[in-house]
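Each value in this text was obtained by applying a stated rule to the coordinates, not by laboratory testing. The shown structure was predicted, so the numbers you read here are calculated from the model rather than taken from an experiment. Note that we place each Cβ from the backbone using ideal geometry, even for glycine, and neighbour counts take in every protein chain shown.
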Amino acid sequence: MKYRLLSLLLFGLFYIALSQYPQYAKNYFLFPIKPGQKNYLSGSMGELRPNHFHGGLDIKTDQKTGLPVYASADGYISRIAISVKGYGNTAYIKHPNGLTTVYAHLEWFSGDLEKFVRKLVYQQQCNEIDYVLMPNEIVVKKGDTIAFSGNSGSSGGPHLHWEIRDENEKMMNPLFFSFPEIEDNQKPYINKFALRTLTIESRVEGEFGLMEFNPLKSEGIYQCKFPIHAYGLIGLQLVAYDQMNGTSSRCGISKLELMVDGKLTFVHDIQKIDFTENPLMNLHLDYTTNKNQGSYYQKCYIADGNTLNTYKTDKLKGKIAIFDTLTHSVSVKIYDSYKNYTILYFSIKGTPNQKSYKPVVVSKWQKNQKKTSYLTVIEHENILKINATLPDSMPAFMYKNAEKKQLLLQYKNQNTYTFLHDLRSFLPDSFAVGNLKKVFNYHSMLLPTVDNNINLGIADIIFPQKSLHDTIFFQSSFVNNTLSIHDDCHPTIGMYQVQFKTNGSVINKEKTSVYQMAGRKGLKHNGGEWIGNNIKFKTKYFGDFVLAIDTILPKISFHKKVNQTLYFKTSDNLSGIAQWYGYLNGNFIFLHFDPKFHVIFTDLPPHVLELKGTLLIGVVDGAGNKNEKIFTF
């Protein structure tokens, strides 16, 4: 008993400590866009984004570029970057308090920084740079204009991405520093929630899988009117957002607390984010549901393989255990960065599973009757769920090589029969019930704690240790010259390597590359290195890969002239623009490239006041096809 009391005391102390945000210095930092004026955000700290947590703030810039960006505090420029990807044009300022502010997606730089960058570009004769400066090489004062807001890099529209990082480069929540420019007295809201079965014996409303619920909102509180029937080990998931004053943009929540029967069982508190933890976002998220439906379900429990430092939890890691027939109370409290909170209440009634139905053998007459039958197969972590819609139940079999195992029916919903198979027992070749059959492409079970080397005949695949988050029941096939590597509804943590074997069937290797099939976006260039008749490439995504040849030159044409700036349109049919360069009268000239608008434009050297003479523009695509054109002005 004393150990239990001690445990409760420690957990209580942790809860009290966690309920108080750490103290952040107020008035140290200046808001970098329109300081002193009301402003708005399009993105907040910890928001769920594709394959990463959003770090810092996305500050609106009146839907345009060119707004002055101010240094948030005294310091020196510690790093500058120019890139067509990621953060785009970026400035980093190191401050005396050890923190660093980051200003990304800039249109261009200003003042002494602008002169320094342009000089550096022409010295290195390179259109993209990432340069670390010496301390005090460029000193800035709080309120200095260091740049102008833009839309560079992977930005989806004009805004300033702004971060505050600690001495270990971890991203901090800027809103904890209290900026009057951003107002938020609105409570976050809950779109929907779901309960997921976590073992083969678990059920929610008699079903196995993910069951969604839409709570009712009354006086700021979300609740379900009737209890949810469930049994076994259950995981709660939540789709929730924050809404700030004066904007329709959806932002992310800052903190989440789960209580079961009055006991705190799980906390997710985003105060800092380490870049190395970003891949784990795909484990905090229900990745499969996100891929299939687009819903951003946050897990209120720790998934296998998830080592995020944002969690505090109990021995069940936030999973809800229902192994009785009692009614259990569940509440979820979500906070935004301003400590506005919303609560969801619902109850779970322990309801033991119905007994499995015994297979019923139907007569020959029944088998010959016309009927509409179909089969759906979904992999829920370790469990394979098979739904067969049939007029009658009949024996179901799972096959492995020449052996077969009869599967008992788990439950029935009208004329849909559900069978479950634990993939850890064996990886099947196929499943059959009645006139329905499903062939599987399972190859092997991969463990995250070891190197996994796979020989598929057509390809060799190497998954290094820790490139997988958890055990993977690996599937692969090669059909119509397409190599399918598992499926894109499962995430990886790190890169893995593939060596595609062509057996000499590829003639023009120089122009042949690996591409990933990206749905309506077509083919995404992945590159690759030829070694004899094999092409080796690395990727961090599952999906379908093909070899394709690209021999068509990229295109480039003059677009317009604005003052002394020349604009050119460019395009490529397949592999995309990889390099661009220009020479004015034989001398290097700095060129900006915006791949979102397929535009290249000139930036004259400091000593050149007027553009005269011949200008050579060159573009190279991902397959190495090069096109050059000479323009005379």
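In terms of other Cβ atoms within 10 Å, MET259, MET45 run from fewest to most in the order MET259, MET45. A simple rule links phi to the HN-Hα coupling: the Karplus curve 6.51 cos²θ - 1.76 cosθ + 1.60 with θ = phi - 60°, which for the range 217-231 gives 9, 9, 6, x, 10, 9, 7, 9, 5, 10, x, 8, 8, 8, 7 Hz, with x for Gly and Pro.
Tell me the net charge near ASN387. Cut-off is 12 Å between Cβ atoms, ASN387 excluded, with +1 for each Lys or Arg and -1 for each Asp or Glu. Don't skip to the end; give the middle numbers.
Values: positive: LYS385, LYS412, LYS438; negative: GLU207.
With Lys, Arg at +1 and Asp, Glu at -1, the neighbours total +2.
Within the straight-line cut-off of under 20 Å between alpha carbons, the aspartates and glutamates reachable from LYS115 are ASP74, GLU107, GLU128, ASP130, GLU137, ASP144, ASP603, GLU610, sequence neighbours fewer than 8 places apart in one chain being disregarded. Length available on full extension from LEU408 to TYR345: 0.36 nm per residue minus the Cα-Cα distance, which gives 19.0 nm. The alpha-carbon of LYS119 sits under 27 angstrom from the alpha-carbons of these lysines, leaving out residues fewer than 8 places away in its chain: LYS85, LYS94, LYS141, LYS142, LYS560, LYS561, LYS569, LYS596, LYS612, LYS629. Cα axis of helix 111-124 to longest principal axis of the chain: angle in degrees, 0 to 90, nearest 10? Here the helix axis deviates by roughly 90 degrees. Each other residue within a Cβ distance under 13 Å of GLY55 adds +1 if Lys or Arg and -1 if Asp or Glu, for a net charge of -3.
How charged is the neighbourhood of LEU283? Take every other residue with its Cβ under 11 Å from the Cβ of LEU283, and add Lys/Arg as +1 and Asp/Glu as -1. Before the final figure, lay out the partial values.
Details: positive: LYS299; negative: GLU277, ASP286, ASP304, ASP470.
Taking every other residue near LEU283 into account, the sum is -3.
One chain, two ends: ASN309 and ASP112. Fully extended at 0.36 nm per residue, the span grows by 66.9 nm beyond their Cα-Cα distance. The chain has equivalent-ellipsoid semi-axes of 49, 37, 20 Å, by the square roots of 5 times the alpha carbon gyration tensor eigenvalues, sorted largest first. In this simple spin-label model, placing a label point 7 Å from the Cα along the Cα-to-Cβ direction at both LYS142 and LYS561 gives a separation of 4.8 nm.
Is there a pair in LYS400/LYS437; LYS385/LYS405; LYS192/LYS437 whose C-alpha atoms are over 25 Å apart, and which pairs would that be?
Values: LYS400/LYS437 14 Å; LYS385/LYS405 16 Å; LYS192/LYS437 35 Å.
Going by Cα-Cα distance, LYS192/LYS437 fall outside the 25 Å limit.
Any lysines with Cα under 16 Å of the LYS509 Cα? List them, leaving off those in the same chain fewer than 8 positions away. Candidates past the 8-residue exclusion: LYS501, LYS536. Each 5 Å bin, from zero up to the one with the longest distance, holds this percent of the alpha carbon pairs of the range 136-213: 3, 9, 9, 11, 15, 11, 9, 9, 9, 6, 3, 3, 2, 0.
Label point of ASN503 set 7 angstrom out along Cα-Cβ; within the range 436-464, amide nitrogens under 13 Å from it belong to 457-459. The calculated 222 nm mean residue ellipticity attributable to helices in the chain amounts to -2000 deg cm²/dmol, summing -39500 (n - 2.57) over DSSP H runs of n ≥ 4 and dividing by all residues.
Relative to the compact-globule estimate of 2.2 N^0.38 Å, the Cα radius of gyration of the range 444-549 comes out at 1.04. When peptides 128-138, 542-552 are sorted by average Cβ neighbour count within 10 Å, with the highest value leading, the order is 542-552, 128-138. Label point of LEU120 set 7 angstrom out along Cα-Cβ; within the range 50-81, amide nitrogens under 16 Å from it belong to 76-81.
For the pair LYS437 and ASN455, the difference between a 0.36 nm per residue extended length and the Cα-Cα distance amounts to 3.8 nm.
How tilted is helix 2-19 with respect to the longest principal axis of the chain? Cα atoms for both, answer in degrees (0 to 90, nearest 10). Its long axis makes an angle of about 30 degrees.
Can you compute the FRET efficiency between SER329 and ASN353 using 1/(1 + (r/R0)^6), with r the Cβ-Cβ distance and R0 = 22 Å? Round to the nearest 0.05. Mind dumping the intermediate values first?
Working: r = 22 Å, r/R0 = 1.01.
With a Förster radius of 22 Å, E is 0.50.
Expressed per residue, the C-alpha convex hull volume of the range 515-633 stands at 136 Å³.
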